[in-house]
Amino acid sequence: MSLIPGRIAALFGGRRWRSLAPLAVLIVLCVLIAIANPNFIEVRNLVRLANSAAVPLTLAMGLTFIILMGSIDLSVEGTLSVSAMVLVLLAVNDGNGNDYGWWAVLAAIVAGTAMGFVSGLVQTMLRIPSFMGTLGMWFIGLGLSVYMLGGSAIKLNDASIRDLALHRFLGLPVAVWVAFGAFLLAAIIQYHTKLGRHILAIGGDEDVAKLSGVNVVRVRITAFALAGFFFGIAGVLAAAQLGQSHAVIGDGRLFAAVTAVVVGGTALTGGEGGVVNTLIGVLIVTVLANGMILLGISPYIQQTVQGLMIIAAVALSLDRVRLRIVK
Amino acid sequence: MKDTKNFTVNRRTLMLGATAGVAALAMPSVLRAQDKPTLVTSIRSLSNPYHAVWKTGAEAYAKWAGLEHVTLVSEGNSEKGIADIKAMLAKTGGNMVLNSDPNDTPDARPIVEACAKAGAYVVTQWNKPPDLHPKDFNPNYVSHIEFDGISSGKTIAEILFKTIGGKGGIVALGGLISTTAAIERKKGLDAALAANPDIKLLDFQVANWKSTEAFDLMGNLLTRFGDDIKGIWAANDDMGSGALEALRAENLAGKVPIVGVDGIKTAVDAVRTGEFACTVTSDPFWQGGMGLAIGYNAKIGKFDPTKEPPEHREFYGKAVLISHDNVEEYYKTNVDAKPEIDWNDLWGRVTGAIRT
Amino acid sequence: MSAMLQASNIIKNFPGVHALRDVSIEVRPNEVVGLIGENGAGKSTLMRVLAGGYRPDGGSLTLDGEQLRMRNARDAARHGIGMVFQEQSLVLNLTVAENIYLGAEDRFTRFGLVNWRAMNAAARRQLAKIGIDIDVTARTSELTFAARQMVELAKALTLEEVVDRQLLILLDEPTSVLNASDIEVLFARVRSLKSRASFVFVSHRLDEVLNISDRVYTMKDGAVVAEHRAAQVTAPELHEIMVGRGLQAEYYREARQQPARETVMVEARGLGANGFYHGVDLSIRAGEIVGIAGVVGSGREEVTRTIGGFVQHDAGEMKIAGDAVRFGSPEPAVRKGIGYVPRERRLEGLVMFLSIAENISLADLSSVMRHGAIDYGKERRLAADWIKRLRIKAPGPDAACRKLSGGNQQKVVLARWMTAGSRILVLDHPTRGLDVGAKEEVYELIRDLSAQGVAILLISDTLEETIGLSHRVLVMRDGEITARFDASPGNKPNQVDLLRAMV
């Protein structure tokens, strides 16, 4: 069995040099920032980088599968907020008397998975494009959180869950290990399971996949549920990091996750890229944000730089000559 | 057709009409005919703690005054906000009092005009165009209330400086670049810095009012400045609490004081534990209730808006400072219990006319 | 010999179309059955019924005497029926091995993980069995069309590893994208595999069908009209049955070829582009058909694409109806009255998800506008008119173009340019993928256009077609024009002369 490292090597093996572009961008970024401000390569900063990457990485793992399939999941923020809400309301908090401990974590992940499952059902059974279906799920999730939280921020007071963010193992916050575990799981699913391959096939050519006997409906539903599972984990990590949950805890996460996936080289049209690309993409985005602060770049132009980076990354990684139509 | 003009309806008015119709249908039928005016609160959303408290204050006043109360939520959509208000005016026949936090600055004008036309009484807060004045819509446009962002930003900065002993470096987290509140609060910070030359502003960064962004930002700032950061100034409490969690992840919570604006519960808790040095609040509970109270008293003739001085028509309210000195007291009266406010004291928190 | 697969009285209807009416065929063990018919005769529909893609509205299927009910391709596979599709049906972003075992990964899966090494090895064995040497870890998109066809065949043959009976492999026009030597390779494989499987072979090329098949069914208008032993029938006989017309005599409608008019519509002097071609002199008069012959890389494709506005020339000059032009994109070419009929209808010729009516009016919307708005009634009437005039087989003007057969799609493209009033047509392999009958209808149309004074530039797959249709033939080699032939009726050049100038 070819192992993940072998697979990664094949992925970056130079057969298609363009797949190397995101990695090259990441390395160049790191070198430039380290030269400008040596603090960048301090262990403390690397730990902080890993910590800021934890939630976006977990989210982007889920989103990668959906985008690989040629669909989109806009429910990222809604699902994350539902998961964080479930967690906080079931664990020790300052809004009610619950204390279900780690059962709350399990329930939060189940809630996220259920949201994704419903997204999948909506797309396949009601035959609603994922763009619209998951847009609906986004607002359903947000509405649910607003209702359950009564519009306010509820504090998470369960010390053992907060330890996900506050306790360190081998120098890294537990949340980082969880995110890394999420990455490994996603990599195994993509590179070593039938599901991962079928997702790639559907993204490449859904009709052909169907003719080859792939159960497209089941794969789609499973993929959305899987994405929801990762969003659920991300919700737990976000609530643990911030020590609270409010309805808008997911604000801005969708854009960040899509950016990371695309910058990593996964095509929005589906069929190209994967979770390794997304890991690189998340690191690029995180390092860039960190670097801009370290370099003292004015906040007023940071967004502009991010926009430029997205265009540059896509331009580098896409073989535009082969595109017939740009839309 | 004699007059085809009547039949040309453009898409926008059609949609507004449709939205208004739907909103009207959704409202309770008890409102249809009654003598007492209906109290109406129009706010942006219920998903943020600030407006949630606002609504609680409005409901507390309505209960106290024994009146029907309806909350309209614009969800950040100006057209929906305005259309809902118009639907409400139609439903009540103008027999209503509106306390509105308009979604966007330009929205205030159509809202005020619609109310004046229908004979309803209206109080606006925070947002209005500079050339829109209550005195131009006598008597219906009763008052406009704001809170002085410059003064808030300056007050918390001064407390922060005092807490860190009058010297050392601080970092500042600003709100969404384009908003008035963000600009004014930063002006207050700048003024305080000018008066305290021993305090060094290491960096000013923007976290768009969000705790999540502040969380990531703070980690990065710690890398850049490390132990040089002696204090953190945040333009709102949400960002302040995000920064606090970033400090906590590095075992620095409580060692680097934070100040913020809004007085949300997380911040009040943090003031109690000493992790926040202070927060300042416009008191949304008061805003929600007193806005309605001012409008209602004008409506029933308790006072005549046309005879009120300018500082009662467009004024800055008094912000409430919550610091180590008064936090226990504040907690008892505002968090553990519903705040007690004298709803007859309409002008008690006026601090002066709004600067032009 | 007893039948392996028996299809009896199969009926399949689509909205407005009776695709199959009472079709019965049988396939015997170790046999290659040919299936021919014009476009729209029902061949593809029948194949899809046999492969589980469509459920028939009537009739029955039996396999080795047992009733066969299939809901999808997976059911068909379970019964040992595999299909190699007309549209290549590989997922291009996957590797060869992944494609071969797509949907059948279970046998390589342990504890939920797929053993890629085992799968690659199995794929290698499978390809070795049919004697093909292809890297199984290569991305399919990097393979040639011919290699992909072999991969598809290998994929269909994997069924024998899981099904304990003789296989039935359906080959739906597998040769349409292959060149002669690739076709020979394919046929050799099919012959060597006959001991293990039966085949149903669909093609437009009658000689191929006769070459490979044991028996041939001829379909026409959704029904089987004839069954022959391949050894006992000739291609012209089959053609006669299939089309209901004679073959060679009137094929290219030479009798209708009229002398060109005086007006020069296209004139090029010393035209050159970016190393593709250089020093090309060329003129096309109204009503004239000029064919360009040449091998791949001779530059003839680029010359036609220059006139269509896809390739910009950088040397010499080009005049359209007397005005000097240099097109940077097709749009100004269209405005100059040039219509481009591309070979890849699916990609360049038609917007497939739009209706016939919308496609016809696309190039000149003003023809269906009234008071600045599209008049849908007018658009539909226009389309209905064209459907009648060009005998387009479709339920109506609102039918989506992707549901039409190739020949009918090509007619829609031509209808569009006629609507737009194009006075110059560039025909880039206009009959590729069409059956004989559809080709003849296109030839008829081309003659009509020529008679109306349209200037036509033609490049084609066969020399025969180029010679038969054209007034004049130019031959290109290595980016240059190497010979010019007059091709007036009765004075047509022969293929050998052309070939000599081509290579």
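The values are calculated or read from the model by the stated rules, or taken from the named source; none is laboratory data. Note that this is a predicted model, so its numbers are computed, not measured. Positions of Cβ are generated from backbone atoms using ideal geometry, with glycine treated the same way; all protein chains shown enter the neighbour counts.
Structure values in brief
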{"quantity": "1 or more residues within 12 Å of another protein chain (Cβ to nearest Cβ): qualifying strands (runs of 3 or more DSSP E) within region C:20-91", "calculated": "C:81-84"}
{"quantity": "Matching residues in region B:94-142 - criterion: being in a helix (DSSP H, G or I), of a type outside the set (A, V, I, L, M) and either touching a Ser or Thr at 6+ places or on another chain (Cβ under 7 Å) or surrounded by fewer than 24 Cβ atoms within 10 Å (Cβ to Cβ) (or both)", "calculated": "B:T105, B:P106, B:D107, B:R109, B:P110, B:E113, B:K117, B:P134, B:K135, B:D136, B:F137"}
{"quantity": "Candidate set: region C:101-116, residues that are in contact with a Phe, Trp or Tyr (Cβ under 9 Å, 6 or more places away or on another chain) and within 10 Å of chain A (Cβ to nearest Cβ); chosen: the one nearest to A:A187 (Cα to Cα)", "calculated": "C:V114"}
{"quantity": "Some residue of region A:149-163 being more than 14 Å from chain B (Cβ to nearest Cβ) and of a type outside the set (D, E)", "calculated": "yes"}
{"quantity": "Region B:239-282, residues that are under 13 Å from B:P49 (Cβ atoms), acidic (D, E) and surrounded by fewer than 24 Cβ atoms within 10 Å (Cβ to Cβ)", "calculated": "B:D269"}
{"quantity": "From B:G149, B:G166, residue being of a type outside the set (S, T, N, Q), touching a Lys or Arg at 6+ places or on another chain (Cβ under 6 Å) and more than 14 Å from every other protein chain (Cβ to nearest Cβ)", "calculated": "B:G149"}
{"quantity": "Hits in region B:44-66 (condition: more than 10 Å from every other protein chain (Cβ to nearest Cβ) and of a type in the set (A, V, I, L, M))", "calculated": "B:A58, B:A60, B:A62, B:A65"}
{"quantity": "Single residue of region C:101-129 satisfying the filter (outside any helix (DSSP H, G or I) and of a type in the set (G, A, S)) that is surrounded by the fewest Cβ atoms within 10 Å (Cβ to Cβ)", "calculated": "C:G112"}
{"quantity": "Residue count, region A:130-162 (criterion: without any contact (Cβ under 8 Å) to a residue 12 or more places away in the chain and not small (G, A, S))", "calculated": "2"}
{"quantity": "Residue match in region C:29-39 (condition: polar (S, T, N, Q), crowded, with 16+ Cβ neighbours inside 10 Å and under 30 Å from A:M69 (Cα atoms))", "calculated": "no"}
{"quantity": "Among the residues listed as C:E302, C:E267, C:E288, the single one being over 21 Å from C:G453 (Cα atoms) and among the acidic types (D, E)", "calculated": "C:E302"}
{"quantity": "Qualifying helices (runs of 4 or more DSSP H) (wholly inside region C:356-469; at least 1 residues being among the polar types (S, T, N, Q))", "calculated": "C:356-361, C:406-419, C:436-451, C:463-469"}
{"quantity": "Test result for C:S60, under 21 Å from the mean Cα position of the chain (by Cα), at negative phi, assigned by TED's automatic domain parsing to the domain that holds C:T175 and surrounded by fewer than 23 Cβ atoms within 10 Å (Cβ to Cβ)", "calculated": "no"}
{"quantity": "Only one of B:A90, B:A108 that is assigned by TED's automatic domain parsing to the domain that holds B:R313 and more than 22 Å from the chain's Cα centre (by Cα)", "calculated": "B:A90"}
{"quantity": "Members of region C:259-291 that are surrounded by 15 or more Cβ atoms within 10 Å (Cβ to Cβ), within 19 Å of C:L425 (Cβ to Cβ) and modelled with pLDDT under 90", "calculated": "C:A260"}
{"quantity": "Test: residue in region C:279-300 that is out of contact with any Gly (no Cβ under 7 Å at 6 or more places or on another chain), in contact (Cβ under 8 Å) with a residue 12 or more places away in the chain and farther than 27 Å from C:A501 by Cβ", "calculated": "no"}
{"quantity": "Helices (runs of 4 or more DSSP H) contained in region B:205-300 and holding at least 2 residues within 10 Å of chain A (Cβ to nearest Cβ)", "calculated": "B:211-225, B:237-249, B:265-273"}
{"quantity": "Pairs with Cβ under 8 Å, 6+ apart, first in region A:282-306 and facing chain B (nearest Cβ under 9 Å) and farther than 18 Å from A:F255 by Cα, second basic (K, R) and part of a helix (DSSP H, G or I)", "calculated": "A:I293/B:R224; A:L294/B:R224; A:G296/B:R224"}
{"quantity": "Contacts under 6 angstrom Cβ, first residue in region C:444-455 being closer than 15 Å to C:M265 by Cβ, partner among the acidic types (D, E) and at pLDDT 90 or above, 6 or more apart", "calculated": "C:A455/C:E288"}
{"quantity": "Enumeration of residues in region A:173-187 that are over 16 Å from the mean Cα position of the chain (by Cα) and surrounded by fewer than 24 Cβ atoms within 10 Å (Cβ to Cβ)", "calculated": "A:V174"}
{"quantity": "So C:E98, is it assigned to a helix (DSSP H, G or I), at the interface with another protein chain (Cβ under 9 Å from one of its Cβ atoms) and in contact (Cβ under 8 Å) with a residue 12 or more places away in the chain", "calculated": "yes"}
{"quantity": "Per-region count, region C:440-469, residues over 22 Å from the mean Cα position of the chain (by Cα) and either under 18 Å from C:V496 (Cα atoms) or among the hydroxyl-bearing types (S, T, Y) (or both)", "calculated": "1"}
{"quantity": "Residue match in region A:194-213 (condition: under 20 Å from the mean Cα position of the chain (by Cα) and surrounded by fewer than 22 Cβ atoms within 10 Å (Cβ to Cβ))", "calculated": "yes"}
{"quantity": "Unmet criterion (only one of (1) closer than 16 Å to B:N220 by Cα; (2) away from chain A (no Cβ under 14 Å)) for B:L173", "calculated": "(2)"}
{"quantity": "Filtered residues of region B:56-93 (kept if in a loop (DSSP other than H, G, I, E, B) and either in contact with a strand residue (DSSP E or B) (Cβ under 7 Å, 6 or more places away or on another chain) or surrounded by 22 or more Cβ atoms within 10 Å (Cβ to Cβ) (or both))", "calculated": "B:L67, B:E68, B:S74"}
{"quantity": "Tally, over region C:412-452, of residues that are closer than 20 Å to C:L178 by Cα, in contact with a helix residue (DSSP H, G or I) (Cβ under 9 Å, 6 or more places away or on another chain) and of a type outside the set (K, R)", "calculated": "7"}
{"quantity": "Residue that is crowded, with 17+ Cβ neighbours inside 10 Å, outside the structural domain of B:G291 (by TED's automatic domain parsing) and aliphatic (A, V, I, L, M), where the choices are B:A191, B:A182, B:A195", "calculated": "B:A182"}
{"quantity": "Residue in region A:256-264 that is under 29 Å from A:N37 (Cβ atoms), within 13 Å of another protein chain (Cβ to nearest Cβ) and surrounded by fewer than 21 Cβ atoms within 10 Å (Cβ to Cβ) present", "calculated": "no"}
{"quantity": "Breaking point among (1) touching a strand residue (DSSP E or B) at 6+ places or on another chain (Cβ under 7 Å); (2) surrounded by 13 or more Cβ atoms within 10 Å (Cβ to Cβ); (3) closer than 30 Å to C:G34 by Cβ, for C:R229", "calculated": "(2)"}
